[in-house]
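Student: Handing you this structure, nothing more for now.
The values are calculated or read from the model by the stated rules, or taken from the named source; none is laboratory data. Source: prediction; values computed, not measured. With ideal geometry, Cβ positions are generated from the backbone for all residues, glycine too; neighbour counts draw on all protein chains shown.
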């Protein structure tokens with residue numbers, strides 16, 4: 001793998017997506033008379049980008065982080081060969097803010113384009129039946145329309161969304177004229193001529209978001225689909241299609257944190273935010289109180305709702321914080337003692353309708369062919385079940401199911417890591433999931449400031465998703481503060 005830069009600038013990205021204009025930073029900002037000018041809650045990508053932007057304008061910043069590390073939901077498992085990710089798995093060169101940050105703070109990026117073909121090649125196992133690529137078009141388990149029967153089940157939904165997605169701009173998902181699309185993904189797919197059987201296999205078996213297609217707004221899926229299409233367009237003429245950071249993507253927030261003028265205050269869990277006409281007080285679980293002129297919270301809504309805010313949130317913003325739910329998703333990371341896939345002659349990657357879920361090999365070795373570990377993704381109903389039982393029981397059952405499907409793997413799997421974002425006290429879920437009707441009800445009400453409290457985090461991003469959305473949101477919140485300072 002080689003380290004190359006992309007040649008894609010932030011200007012290119014902004015022009016491509018028609019980004020919502022950001023507030024211009026105010027010149028000559030005056031320092032507040034408080035302990036610091038601004039408190040940033042959370043040392044993930046959004047919080048760190050906000051803090052760095054504020055410091056570059058001359059403001060003093062205190063960054064509070066409840067965990068003992070930076071990165072938030074960007075986390076690399078460095079105890080496993082190749083440092084696989086449990087959040088923020090990879091990114092395209094179109095993630096301009098993220099790529100710029102890596103460059104600025106000395107983080108080496110790896111070109112993982114050569115491993116992409118391995119990711120999109122998977123063994124299909126349905127109803128315990130192994131189905132080859134050649135058998136799939138005529139398989140009794142294939143419910144797809146005649147012209148699409150050659151498409152594998154793990155690729156069908158993304159291909160379909162790319163073909164029929166009605167959204168044409170990055171912020172179209174929150175436009176009032178598209179509110180009629182704020183129905184369940186299930187109902188919209190039925191309107192588009194898809195059968196119940198197709199929806200069950202192509203989406204519900206290993207859902208990208210929510211538990212089933214009935215639990216997510218079609219607008220959210222359309223927004224995710226448009227963002228993916230936009231990224232593919234941005235890199236269409238670029239030989240590099242995807243990056244990871246050397247030693248794991250957590251290296252990027254670590255580099256950003258090292259660029260701060262003051263150290264992040266770890267293990268500092270926020271319990272209350274109180275603001276008035278003169279400033280803001282942030283109260284923490286350890287009894288400390290931090291004061292500033294303004295505060296930026298990059299906490300996910302799932303944890304923000306447990307923080308006492310004074311004065312209280314009102315209207316649609318309060319409704320959003322009280323009701324917006326987060327994704328349940330689990331990962332089991334394994335290392336094979338020997339390459340069992342060579343013994344049984346099957347692809348190590350699997351798309352299954354059994355407990356093992358989606359099985360993906362990690363290619364993070366010296367050559368693209370090298371398999372360094374195996375990741376099992378538990379989504380939808382599997383994740384709900386796994387989060388309802390003790391961790392040891394979930395791990396044992398999932399490993400047993402993989403060994404049942406692949407007898408050659410029996411006794412060859414070493415458990416190296418397990419992650420439930422639902423049980424992470426600083427996340428309480430992986431990412432926000434808008435149910436039908438919720439985007440038109442309160443999506444645009446989440447990000448506006450509440451007095452001296454400003455909000456960042458990927459859930460407040462309007463035109464980007466994932467790690468780039470987090471970076472966008474931190475920049476926007478910082479520029480809001482600068483414009484008012």
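Student: Quick one: residue 271 ticks every box in (1) surrounded by fewer than 17 Cβ atoms within 10 Å (Cβ to Cβ); (2) more than 30 Å from residue 363 (Cα to Cα); (3) at pLDDT 95 or above; (4) out of contact with any strand residue (DSSP E or B) (no Cβ under 8 Å at 6 or more places or on another chain) bar one, so which box is it?
Tutor: For residue 271, the failing item is (4).
Student: Check the range 207-219 and report whether any residue there is more than 30 Å from residue 161 (Cα to Cα), more than 15 Å from the chain's Cα centre (by Cα) and in contact (Cβ under 8 Å) with a residue 60 or more places away in the chain.
Tutor: no
Rundown of residues vs (1) surrounded by 24 or more Cβ atoms within 10 Å (Cβ to Cβ); (2) farther than 22 Å from residue 84 by Cα, yes/no style:
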site	(1), (2)
389	no, yes
393	no, yes
415	no, no
426	no, no
432	no, yes
445	no, yes
457	yes, yes
465	no, no
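Student: Considering only residues of the range 285-320 that are under 22 Å from the mean Cα position of the chain (by Cα) and either part of a loop (DSSP other than H, G, I, E, B) or not assigned by TED's automatic domain parsing to the domain that holds residue 442 (or both), which is nearest to residue 475 (Cα to Cα)?
Tutor: So the residue we want is 298.
Student: In the range 449-485, what count of residues is obtained for those that are part of a loop (DSSP other than H, G, I, E, B) and farther than 18 Å from residue 434 by Cα?
Tutor: From the range 449-485, those part of a loop (DSSP other than H, G, I, E, B) are 449, 451-452, 456-457, 461-465, 485; that's our starting set.
Still in the running and farther than 18 Å from residue 434 by Cα: 449, 451-452, 485.
Summing the residues that are part of a loop (DSSP other than H, G, I, E, B) and farther than 18 Å from residue 434 by Cα in the range 449-485 gives 4.
Student: Go through the range 54-65 and give me each residue that's surrounded by fewer than 21 Cβ atoms within 10 Å (Cβ to Cβ) and touching a residue at least 40 places away in the same chain (Cβ under 8 Å).
Tutor: First pass over the range 54-65, keeping only residues surrounded by fewer than 21 Cβ atoms within 10 Å (Cβ to Cβ): 55-58, 60.
Result: 55, 57, 60.
Student: State whether one or more residues within the range 145-160 are buried (at least 20 other Cβ atoms within 10 Å of the Cβ), farther than 27 Å from residue 467 by Cβ and within 23 Å of the chain's Cα centre (by Cα).
Tutor: Yes.
Student: Regarding residue 285, is this residue surrounded by fewer than 21 Cβ atoms within 10 Å (Cβ to Cβ) and in contact with a helix residue (DSSP H, G or I) (Cβ under 9 Å, 6 or more places away or on another chain)?
Tutor: So residue 285 does not fit the description; no.
Student: Given the options 227, 157, name the one that is out of contact with any helix residue (DSSP H, G or I) (no Cβ under 6 Å at 6 or more places or on another chain), in a helix (DSSP H, G or I) and touching a residue at least 24 places away in the same chain (Cβ under 8 Å).
Tutor: Details: 157 fails: out of contact with any helix residue (DSSP H, G or I) (no Cβ under 6 Å at 6 or more places or on another chain).
Unique residue meeting the criteria: 227.
Student: What do you reckon, is residue 280 part of a strand (DSSP E or B), buried (at least 17 other Cβ atoms within 10 Å of the Cβ) and under 25 Å from the mean Cα position of the chain (by Cα)?
Tutor: Answer is no for this residue.
Student: Could you tell me which of the residues 26, 16 is at pLDDT below 90, part of a loop (DSSP other than H, G, I, E, B) and either buried (at least 24 other Cβ atoms within 10 Å of the Cβ) or not assigned by TED's automatic domain parsing to the domain that holds residue 275 (or both)?
Tutor: Answer to the check: 26.
Student: If you check residue 125 against the conditions, is it touching a strand residue (DSSP E or B) at 6+ places or on another chain (Cβ under 7 Å), crowded, with 16+ Cβ neighbours inside 10 Å and more than 30 Å from residue 246 (Cα to Cα)?
Tutor: yes
Quick grid of which residues meet (1) in contact (Cβ under 8 Å) with a residue 12 or more places away in the chain; (2) within 26 Å of residue 101 (Cα to Cα); (3) over 17 Å from the mean Cα position of the chain (by Cα):
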| site | (1), (2), (3) |
| --- | --- |
| 406 | yes, no, yes |
| 419 | yes, no, no |
| 459 | yes, yes, no |
| 463 | yes, yes, no |
| 466 | yes, yes, no |
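Student: Moving to a separate point now. Condition (residue is touching a strand residue (DSSP E or B) at 6+ places or on another chain (Cβ under 6 Å) and within 19 Å of residue 225 (Cβ to Cβ)) applied to the range 455-467: is it met by at least one residue?
Tutor: Yes, the conditions are met somewhere in the range 455-467.
Student: Which condition number in (1) under 16 Å from residue 119 (Cβ atoms); (2) part of a loop (DSSP other than H, G, I, E, B) is the one that residue 375 fails?
Tutor: Residue 375 satisfies all of (1) under 16 Å from residue 119 (Cβ atoms); (2) part of a loop (DSSP other than H, G, I, E, B) except (2).
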